[in-house]
Amino acid sequence: AAALLLGFTSVSDQLKAQMVKLPHHYAQFDIKMGWSVTTGNNATTIDGIIQNVRYATMEDIEVWVSVSDAKGTVLARSVAYIIPNRLDRDDSAPFTVKLPLAVSATTKLLFTYKYTGADGGSMDGGVTNWMQSFETTPGN
């Protein structure tokens, strides 16, 4: 039985190992994220992993991705709601965002993530509602 336990890793540990292998990465004080971008059949799929690196808990996590033209007009926008609904510190979860158009390697993608973070220990539970955005391209 001991030999079987030595080979066991948690789902979160497996996701962290997968995230390292993904071609695109972003890190900030609160999260780490990795993802891949695939296009085909006039659509784009962004498969990724998000990790809570800051708060005791993160809940109601959303990952939005939008594509705009050169004038800033939004051409497509989609969201992934992270399941499980709650990520404890150092936990990770997968996400998938599907856009109804094919992007090129130079298309600007605007990622926006939002969540409710809590550290506990105070009257209001140390709750923070947070939203952060960053821009990237599939070719980065």
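Taking 20 Å as the straight-line reach from the Cα of K98, the aspartates and glutamates in range (excluding those fewer than 8 positions away in the same chain) are D47, D60, E62, D69, E135.
Between D90 and V127, the modelled labels are 2.7 nm apart [label points 7 Å from Cα along Cα→Cβ]. Highest average first, the peptides 111-117, 25-31 ordered by how many other beta carbon atoms sit within 10 Å of their residues are 111-117, 25-31. Surface composition of the stretch 52-140: carbon plus sulfur atoms contribute 52% of the solvent-accessible area (1.4 Å probe, protein chains only, all chains present). Projection of the Cα convex hull of the stretch 57-140, averaged over all directions and equal to a quarter of that hull's surface, yields 6.5 nm². Inter-label distance, F134 to L110: 1.7 nm, where each label sits 7 Å from its Cα along the C-beta direction.
Under 19 Å of direct C-alpha separation, and excluding same-chain neighbours fewer than eight residues apart, K71 reaches these lysines: K108. Annotation: per residue accessible area for the chain equals 58 Å², rounded to a whole number [probe 1.4 Å, protein chains only]. Report note on the peptides 74-86, 41-53: ranked by the mean count of other C-beta atoms within 10 Å, highest first, their order is 41-53, 74-86. Over the C-alpha atoms of the stretch 19-84, the Rg to Rh ratio, Rh being the Kirkwood estimate, stands at 1.01.
Here the stretch 8-119 was treated as a single set of alpha-carbon atoms; its pair distances binned every 5 Å from 0 give 2, 12, 22, 23, 18, 12, 8, 3, 1, 0, 0 percent.
The values are calculated or read from the model by the stated rules, or taken from the named source; none is laboratory data. The model shown is predicted, which means the values in this text are computed figures rather than measured ones. Virtual Cβ from ideal backbone geometry, glycine too; neighbours counted across all protein chains shown. Surface accessibility is based on the protein's heavy atoms, side chains included, excluding ligands, DNA and RNA. Shrake-Rupley method; radii C 1.70, N 1.55, O 1.52, S 1.80 Å.
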